[in-house]
Structure formats: C-alpha cells, structure tokens
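Contents: one structure, followed by commentary.
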Amino acid sequence: MANQQHMLSRLKDLSQIPYIVTLDDDPVMARIIEETLGLKNFAFTQSEQLLECAGEMSPVGAFVDIHLKGECGLDIVPRLRALWPTTAIIVISGDESDASISQALASGADDFVRKPISPAEVVARLRVRIEDLNDKNRMNLLKFGDLKVDLKHKTISGGKSQLILSAREIDLLAELIRAHGTIVPKDVLKRELWGSLAVSDNALDRKIFEVRRALREVSDNVELHSIYGIGMVLRMRNQEAERTLLNDFDAKLKSTRKAKTTSY
C-alpha cells in the first residue's frame, strides 16, 4: 500500500499529460475507450481499487459502468465528483431505462452513454462535457505545459518569449488547450472561430500556420499537430516519453493490486 501511494504521489508530477480513468469489469470496453480517445487510460475493475488511487489522480475524463460484479458503479460517483470537481464523469451502461440516466445524473455524473458504445459518440460527449466544465471554470489565463495564454490581453508566453496574437489566433489556441489533448476536428475549429460565416479551409490553415509559428517562438515544449483527415491537437514535444511513463505507472499499479489480492 505504501509503495502504491509513493508511485501515485509521483503521478502528480505528470499532471500536464492528459489521461482518463475507466471503472468497468470488462477489459475490452476499457481498451475500446482508450483507443477511441487516443489518451492513456488507467483501467480499474473494482470501485475499491479506484478509490485507493483517486486522491492522487486528476483525469480529464472518467467512465464508470453501472453494473459491476457485486456492486453498483453509481455508488462511487458522488465520491469521485467530490475528489475530481473539474473531471468529466460519464456513466456507461447497457441498461436502456430512463431511470438509470436520472440516477446517474443525480449522483453527480455529467453524462450517460449506452452500450454498445459508438466511438464517435464517446469522443463527442467527452469533448462537450470538458467544454462545459471549462465554461464553469473559465478564467482569462489558460495553461498548457509551459505555455500561458492571456485571453484578455491576447498574448501567449512560454519559456522563450512572449507574443501578441490576433483575436482569432488566440481563440484557435484556446480551443485546442480546452480540448485537453483530444483531437479537435477542423469543422469545429472553423465554427468556433467564425461562427456561421462560411470560410474556406485555406483561411483556417493560415491561422494554424501563424499559431504554429508563434508556438515555436515562445516554447520548446508545446507543438501543434495535424492529424490527417481528422483535425488538430496540441501536444507536449516529449509526450510519447511521458506516455511511456504513464504506462509504467499503470503497470506498477496493476502489479501492486495483484500482489495485494494474492496476499488475502
């Protein structure tokens, strides 16, 4: 237990890396959600396991199944909401009754997804809930790694310098930061920047070019990536190395939980 807590305390040092948590006794479901979102997933099968770790974690999203072996996933949601006030908590279940949705939302969940899940729906619902939470906690200053974006004064700063950007370039960067490492489709970016005004892809590409150039001038750590045919995502330069660290933490936590179970 002490070894597990020591590992978890180190997880806070990696708080800039977005990750999710799932509570589901079906390992296939956990893998589907991880692959769909493209984010590291810390998978738990029992609520007790998750609660032992939750205090040291800060996921951007949590997916909780209602029908677990021997317990109800909804019972843990109020405690997760208290621990993770800015995390998007989404309940998943094959239960088709409207009562399940009402119970999930009443317990503190932000949304509900029915099984079998649709990858597109999972991505869309998580993005919407993250944006809702950002709206509730919106401030003039946004941060991503060493990058700081001042929405009021239209400036960005990093470890190298500070620049003033146009309003739309700031809006573009803000939208990407608020996505917490998830991919933002280009159509969504155009709608956020220009509303209902019809603009060409070239107009967006020009803004992307300017933002990418500005990022190179202010920071060595933050990069804007194009995902061909899908959209844009903001990432840390060393994100793959940090993703490996998250995987190592996950493997050690699973090993610790297995050893603890075997000792009983």
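The values are calculated or read from the model by the stated rules, or taken from the named source; none is laboratory data. Fair warning: this is a prediction, and the values are worked out from it, not measured in the lab. With ideal geometry, Cβ positions are generated from the backbone for all residues, glycine too; neighbour counts draw on all protein chains shown. Protein only, heavy atoms only, side chains kept; ligands, DNA and RNA dropped before computing areas. Shrake-Rupley method; radii C 1.70, N 1.55, O 1.52, S 1.80 Å.
Quick notes on this one:
- Candidates are the residues of the stretch 184-198 that are open to solvent by 40 Å² or more (accessible area, probe 1.4 Å) and touching a Leu at 6+ places or on another chain (Cβ under 9 Å); the one that is farthest from Ile20 (Cα to Cα) is Glu192.
- Single residue of the stretch 228-261 satisfying the filter (assigned to a helix (DSSP H, G or I) and among the hydroxyl-bearing types (Ser, Thr, Tyr)) that is modelled with the highest pLDDT: Ser255
- Residue satisfying all of: in the stretch 50-62; out of contact with any Ser or Thr (no Cβ under 6 Å at 6 or more places or on another chain) and either aliphatic (A, V, I, L, M) or modelled with pLDDT of 90 or more (or both); nearest to Lys254 (Cα to Cα) among these: Leu50
- Thr182 meets each of the listed conditions (1) within 26 Å of Ile164 (Cβ to Cβ); (2) part of a loop (DSSP other than H, G, I, E, B) apart from (1).
- Hits in the stretch 159-178 - residues which are part of a loop (DSSP other than H, G, I, E, B) and under 16 Å from Asn221 (Cα atoms): Gly159, Lys160, Ser161
- Members of the stretch 16-48 that are modelled with pLDDT under 90 and more than 24 Å from Ala120 (Cα to Cα): Gln16
- Given (1) in a loop (DSSP other than H, G, I, E, B); (2) over 18 Å from Ile130 (Cβ atoms); (3) small (Gly, Ala, Ser), number of the condition Ser58 does not satisfy: (2)
- Test result for Glu169, over 21 Å from the mean Cα position of the chain (by Cα), at pLDDT 90 or above and surrounded by 15 or more Cβ atoms within 10 Å (Cβ to Cβ): yes
- Selection within the stretch 185-206 - part of a helix (DSSP H, G or I) and more than 20 Å from Ala124 (Cα to Cα): Trp194, Asp201, Asn202, Ala203, Leu204, Asp205, Arg206
- Qualifying residue in the stretch 208-220 (condition: in contact (Cβ under 8 Å) with a residue 40 or more places away in the chain and open to solvent by 40 Å² or more (accessible area, probe 1.4 Å)): yes
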